[in-house]
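We did not get these values from a lab; they are worked out from the coordinates using the rules stated. Quick caveat, the model's predicted, so the values are computed rather than measured. Cβ sites come from the backbone with ideal geometry, for glycine too, and all protein chains shown count toward neighbours.
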Amino acid sequence: MHIPDGFLDAKTLAVTTGLAAVGVTAAVRQARTQLPPRKVPLLGVTAAFVFAAQMVNFPIAGGTSGHLIGGVLAAVLLGPSGAVVVMTAVLALQCLLFADGGLLALGANIFNMGIVGGVGGYYVYRTVRRAFGARGPYLAVPVAAWCGTVMSAVSTAGELSLSGVVPWSVGVLAMAGVHMVMGVGEALITTLVVLAIDRTRPEILADGPAGLPLRGTGETFAFGLVISLGLGMFVSPIASTWPDGLEKVAAALGFLGRAVKTPLVPALIPDYALPGIASPAWATAIAGGIGTTVVFLVVLAIARLIVPRRRGDAGPASTSG
């Protein structure tokens, strides 16, 4: 659902960039005061996993592929403020390093996938969780992940309509229809990840049991990083090559040709394939490994700048519990 440059007009780009800037600023301020310092490595690991998982397109109906967006997953782990920080960094690095999503459209992509999908999906999660009592957590995650995907798609359709690219009634039906199906995959992946964490490290979840200390975090985060590298290096080369939901809709409705072919800033690893490698599989695998590592390190550094170390904090490697 990464919007390329050329799809949106100047006024829509200006509005979405402004909204994204306000949202990211508010998220950084909230993260500074609400995220515990021991969760700083979790931001890096979550960003690495979301980046790697987004490289793994899975086939859906009609010759279309989908991939994890990850906004709701990040919000369930980190809360809405942490999710916005993670999604902003992931989307920015995808744009700059891999030419995935337009530079001018970066604000729109952050707004759609990080704020509308991630934060909006998180509040669906909170609402469902509270409404269904003991069964709430098991229902809330898949419902929120599915809703977050559809909400992001509807927001994208609105921006295309405001830009005069496609009528609202046509665009919203096409985008929502494709992403309702894609949202099933998002719900399944998000639920499996959250259930695995809930069974092993429930204190990591943003709404996990109160009073549980973070334990064994060094080993947990290292394991998460290894899984992310495995996805980026060994699973992404065999991912589906079918167009994603936005590309499929753009081709069907006749506006795919509006996309700017040459990025404003040349990407170091365009299209997730390292230049100079003869084997496409190895080119993708190495690009996935580089990207996952860079995303982890950059987000970890950002998180350490945002979240101040507080007196009495034992650091991320504490194993007490």
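Some points to look at:
- Sequence-separation-based contact order of region 1-140, relative, with Cα cut under 8 Å and 6+ spacing, percent: 32
- Close amide-amide hydrogen proximity is noted between residue 65 and 60, 244, 245, each under 5 Å apart and 5 or more residues distant or on a separate chain (H modeled in the peptide plane; Pro and chain starts excluded).
- Vicinal HN-Hα couplings computed from phi for region 184-193 (Karplus, 6.51 cos²θ - 1.76 cosθ + 1.60; Hz; Gly/Pro x): 5, x, 4, 5, 5, 5, 4, 5, 4, 5
- Sequence-separation-based contact order of the chain, relative, with Cα cut under 8 Å and 6+ spacing, percent: 31
- Couplings 3J(HN,Hα) for region 88-104, derived from phi with the Karplus relation 6.51 cos²θ - 1.76 cosθ + 1.60 (θ = phi - 60°), are 4, 5, 4, 5, 5, 5, 4, 5, 6, 8, 10, 6, 9, x, x, 5, 5 Hz, where x marks Gly and Pro.
- Shape call, region 22-111: gyration tensor on alpha carbons, a/c limit 1.5: prolate
- Calculated mean residue ellipticity, 222 nm, the chain: -20500 deg cm²/dmol, from DSSP H runs (n ≥ 4) at -39500 (n - 2.57) each, averaged per residue and rounded to 500.
- Rounded, prolate or oblate (a/c below 1.5 giving rounded, otherwise prolate when a/b exceeds b/c) for region 1-75 by Cα gyration tensor: oblate
- Packing-based ranking of 280-286, 112-118, 49-55, 292-298 yields 112-118, 49-55, 292-298, 280-286, ordered from highest to lowest mean Cβ neighbour count within 10 Å.
- Summarising the amide proton neighbourhood of residue 102: residues at separation of 5 or more, or on other chains, whose placed amide H is nearer than 5 Å comprise 3, 5.
- Shape of the chain, Cα gyration tensor, a/c cut at 1.5: prolate
- Farthest towards the positive end of the charge dipole of the chain, among the residues 280, 191, 238, is the Cα of 191, using unit charges on the Cβ of Lys, Arg, Asp and Glu.
- Integer Hz, Karplus 6.51/-1.76/1.60 couplings in order for region 136-141, x for Gly and Pro: x, x, 6, 8, 5, 5
- About the Cα centre, charge dipole magnitude for the chain (Lys/Arg +1, Asp/Glu -1 at Cβ), debye: 1000
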